[in-house]
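Please treat every number below as a calculation from the coordinates, not as lab data. Here the structure is a predicted model, which means the values were calculated and not measured. Methodologically, a virtual Cβ is constructed for each residue, glycine included, from the backbone with ideal geometry; neighbour enumeration extends over all protein chains shown.
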Amino acid sequence: MLLHWGEEYLRRVLPDNLADRLIEVTVDPHYNWKEIEPLPHLDADTGEIVRRVQMPVLIRVSRKRLREFLSQNQKLKIQCNKRLQKIGIGRGGQVEVEFEDGTRASGACVIGTDGSKSRVRDYLCGEKAKLFETDLTMINHVASYDADQALFLRMHHPIVKLAISDRQETGLLAVIDASDKQQPENWKFQVYCSWKGPPFASDFNTLQERLHFFQDRLSRFCEPWRTAGLALKADEVVHVDSGAQFAPYPWNNKDGKVTLAGDAAHAMLPHRGQGLNNAIQDASEIVDALIEAYNGTKSLKEAIDAYEAEMIPRGSTEVRLSYDLGVRRVNAKYEDDVVQMGLNKPGLKI
């Protein structure tokens, strides 16, 4: 996952003993991240690097290691495998939730961070909670390779690079785990491509069809995507996903008692890598809001209203920009303003 401008917000909520160790969760702890990192954009058809978008604090983190890192040595009560069944407001004004296993919980505020298919969003938004299916389809695969191939895949940039084709196809190749410096065959890579129009996810009937399509599609890309596709093993399980999104709008937050954050609040396509950054900012802003409510500076409703007043336009803007980048046909000079923005925060000047 890409964590760049979101690092600022993550550090705001971390205790000092964790903030000083963030390097541990990066995909390659041995890589010396630059203050301004040039992210290469390639013409997928010719292999030409047509632009290097300047990225401040471009950091990729491992989802698994980040989860473990944030929960270690903390007094947290984390319960897994809980599926929300019902939300209600009790007589005393507290929010009450019931799970499918029959257990219940109550509190002052429920924050739905339960992903793009959020059940908390269903409660708040009803029919409007549904994801909007776009005309984009994507394959997002994780694979390992032999040592020579793994080293080759890190050409142009050792962590991440993007490719865009005039055929309205997008590719990303990124390291997920290169912590084992001496054993490249143990590295894991994210190999991604998306396209506009058919074939759609529902058009693939077998695992073999998906793999063959993925390899054929990447074989038309420049290197190193071509090698990343053709070197996949015959038993690789490839998943094809429909591009779906949800743009937030003002909802009834039950006097601040129920709100949303992360993908539950703004499910966006992955083309700009902004999901984690926005989710981390959401978390930081919610912490500030709850502190204000706890201290009596604001009522809970005022605090959550203020959080949503900032989050909703930010989230809806990013949902739109991520879709725009996914479908935009760009010329060989990459003069498109959305492409020139790269993976930066909207409005950021480098």
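Close amide-amide hydrogen proximity is noted between VAL258 and VAL110, each under 5 Å apart and 5 or more residues distant or on a separate chain (H modeled in the peptide plane; Pro and chain starts excluded).
Shown in residue order for the stretch 163-176 are the 3J(HN,Hα) couplings computed by the Karplus curve 6.51 cos²θ - 1.76 cosθ + 1.60 at θ = phi - 60°: 9, 10, 10, 5, 7, 6, 10, 10, x, 9, 10, 8, 6, 9 Hz (x for Gly and Pro). In a reduced charge model with +1 at each Lys and Arg Cβ and -1 at each Asp and Glu Cβ, the stretch 196-256 shows a dipole moment near 160 debye about its Cα centre.
Prolate is the label for the stretch 39-103, because the ratio a/c of its alpha-carbon gyration tensor axes (a ≥ b ≥ c) is 1.5 or higher and a/b is greater than b/c. Considering the chain as a Gaussian network with a 10 Å cut-off on Cα pairs, which listed residue, LEU70, LEU136, LEU269, attains the greatest mean-square fluctuation? With Cα springs under 10 Å in the chain, the top fluctuation among LEU70, LEU136, LEU269 is at LEU70. Placing unit charges on each Cβ (+1 for Lys and Arg, -1 for Asp and Glu) gives the stretch 45-180 a dipole about its Cα centre, and among LEU66, GLY93, ALA163 the Cα reaching farthest toward its positive end belongs to GLY93.
Exposure proxy ranking for LYS75, LYS257, LYS86, based on other Cβ atoms within 10 angstrom of each Cβ and starting from the fewest, stands as LYS75, LYS86, LYS257. For the stretch 103-168, list log₁₀ I(q)/I(0) at each q in 0.15 Å⁻¹, using the Debye formula over Cα point scatterers of equal strength and ignoring solvent, two decimals each. Log10 I(q)/I(0), no solvent term: -0.80.
Net charge of the neighbourhood of ASN252, taken over other residues with C-beta under 12 Å away and scored Lys/Arg +1, Asp/Glu -1, is +1. Only lysines eight or more places from LYS34 in sequence, or on another chain, were considered; those with a Cα closer than 26 Å are LYS64, LYS161, LYS181, LYS188, LYS333, LYS345, LYS349. When you restrict to C-alpha pairs under 8 Å that are six or more residues apart and normalise by the size of the chain, the relative contact order lands at 21 percent.
Under a 5 Å amide H cut-off, with hydrogens placed 1.01 Å from N, GLU37 pairs with MET55, VAL57, LEU58 among residues at least 5 apart or on other chains. For LEU14 and LYS77, the FRET efficiency from 1/(1 + (r/R0)^6), where r spans their Cβ atoms and R0 equals 25 Å, is about 0.85. In this Cβ point-charge picture (+1 for Lys and Arg, -1 for Asp and Glu), the chain has a dipole of about 520 debye about its Cα centre. In order along the stretch 86-101, phi translates into HN-Hα couplings of 7, 10, x, 9, x, 4, x, x, 7, 7, 10, 10, 10, 10, 5, 7 Hz, rounded to whole numbers, per the Karplus curve 6.51 cos²θ - 1.76 cosθ + 1.60 with θ = phi - 60° and x for Gly and Pro. Ordered by the count of other Cβ atoms within 10 Å of each Cβ, fewest first, ARG65, ARG91 give ARG91, ARG65.
Rounded to whole numbers, the Karplus 3J(HN,Hα) couplings from phi for the stretch 214-227 are 4, 5, 5, 5, 6, 5, 8, 7, 6, 6, x, 5, 4, 5 Hz, using 6.51 cos²θ - 1.76 cosθ + 1.60 with θ = phi - 60°, and x at Gly and Pro. Determine the shape class of the stretch 1-113: with a ≥ b ≥ c the square roots of the Cα gyration tensor eigenvalues, call it rounded for a/c under 1.5, and otherwise prolate if a/b is greater than b/c, oblate otherwise. The shape class here is prolate. How far, in degrees from 0 to 90, does helix 275-295 lean away from the longest principal axis of the Cα atoms of the chain, to the nearest 10? Orientation of helix 275-295: about 20 degrees from the principal axis. Listed by Cβ neighbour count within 10 Å, with the fewest neighbours leading, VAL25, VAL13 appear as VAL13, VAL25.
Assuming charge only on the beta carbon of Lys and Arg (+1) and of Asp and Glu (-1), the dipole of the stretch 149-294 about its Cα centre is about 400 debye to the nearest 20.
Given axes a ≥ b ≥ c from the Cα gyration tensor, I'd like to know whether the stretch 197-290 is rounded (a/c under 1.5), prolate (a/b larger than b/c) or oblate. Cα axes put the stretch 197-290 in the prolate bin.
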